[in-house]
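Colleague: Got a structure for you, questions after.
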Amino acid sequence: MQLATTFSALSDPTRLAILQRLAEGEAGVMELAAPFAMSQPAISRHLKVLENAGLITRRVDGQRRPCRLSPQALDNLDDWLAMLRRTMETNYDRLDTLLAEMQASEERTVE
């Protein structure tokens with residue numbers, strides 16, 4: 001499931017930091033590795049997870065493989081969050097209706 005893959009990729013602080021850096025623009029693997037106390041192969045594994053989740057894309061530029069955020073990176077997450085918001089709004093509307101009915105019922109009982 002793509003959504004589970006996205007959440008799994010986003011669950012790691014290093015991958016989140018990489019995505020935050022890529023939000024500023026394209027970067028090479030060595031640039032992305034610089035702030036971390038880990039090897040270039042470890043960063044490459046993180047990048048592979050992000051790429052498999054559809055969050056980043058890489059292109060070949062000679063010896064470099066610059067990374068960038070995928071244009072549709074968070075579409076499935078946005079869709080899921082929108083569905084969740086609609087569901088919550090519906091539930092809150094039902095709760096408001098129920099509370100209003102209960103309050104009206106109490107007011108009728110008191111009179």
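The values are calculated or read from the model by the stated rules, or taken from the named source; none is laboratory data. Treat the numbers as computed from the prediction; the structure is a model and nothing was measured. Methodologically, a virtual Cβ is constructed for each residue, glycine included, from the backbone with ideal geometry; neighbour enumeration extends over all protein chains shown.
Colleague: Checking ASP78 against (1) outside the structural domain of PRO13 (by TED's automatic domain parsing); (2) in contact with a His (Cβ under 9 Å, 6 or more places away or on another chain), which test does it fail?
Modeller: If we test ASP78 against (1) outside the structural domain of PRO13 (by TED's automatic domain parsing); (2) in contact with a His (Cβ under 9 Å, 6 or more places away or on another chain), just (2) comes out false.
Colleague: Within the set of pairs 6 or more residues apart or between chains, which connect a residue that is more than 12 Å from ALA53 (Cβ to Cβ) inside the stretch 68-84 to a residue that is of a type outside the set (A, V, I, L, M, F, W, C) with Cβ atoms less than 7 Å apart?
Modeller: ARG68/GLU26; ARG68/THR57
Yes/no per residue for (1) more than 19 Å from THR6 (Cα to Cα); (2) surrounded by 11 or more Cβ atoms within 10 Å (Cβ to Cβ); (3) of a type in the set (Lys, Arg):
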site	(1), (2), (3)
LEU47	no, yes, no
ILE56	no, yes, no
ARG65	yes, yes, yes
LEU69	no, yes, no
ASP75	no, yes, no
GLU106	yes, no, no
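Colleague: What pairs come up if the first residue lies in the stretch 38-50 and is without any contact (Cβ under 8 Å) to a residue 12 or more places away in the chain, the second is surrounded by 13 or more Cβ atoms within 10 Å (Cβ to Cβ) and in a helix (DSSP H, G or I), and their beta carbons are under 6 Å apart, counting only those six or more places apart or on different chains?
Modeller: Close Cβ pairs satisfying both conditions: GLN40/ALA33.
Colleague: Let me ask something else. Among the listed residues THR97, THR87, which satisfies the condition of being among the hydroxyl-bearing types (Ser, Thr, Tyr), more than 20 Å from LEU3 (Cβ to Cβ) and not assigned by TED's automatic domain parsing to the domain that holds THR6?
Modeller: THR97
Colleague: Let me ask another. Those residues that are among the small types (Gly, Ala, Ser) and loosely packed, with under 15 Cβ neighbours inside 10 Å, I need them from the stretch 14-39; list them, please.
Modeller: ALA17, ALA23, GLY25, ALA34, ALA37, SER39
Colleague: Sticking with this structure for a sec: Confirm whether THR57 is in contact (Cβ under 8 Å) with a residue 12 or more places away in the chain and in contact with a His (Cβ under 8 Å, 6 or more places away or on another chain). Steps first, answer last, please.
Modeller: Values: in contact (Cβ under 8 Å) with a residue 12 or more places away in the chain: yes; in contact with a His (Cβ under 8 Å, 6 or more places away or on another chain): no.
It is false that THR57 is in contact (Cβ under 8 Å) with a residue 12 or more places away in the chain and in contact with a His (Cβ under 8 Å, 6 or more places away or on another chain).
Colleague: Any idea which of ARG21, ARG15 is within 19 Å of the chain's Cα centre (by Cα), closer than 20 Å to GLN2 by Cβ and modelled with pLDDT of 90 or more? Full working, then the answer.
Modeller: Values: ARG21 fails: closer than 20 Å to GLN2 by Cβ.
From the options ARG21, ARG15, the qualifying one is ARG15.
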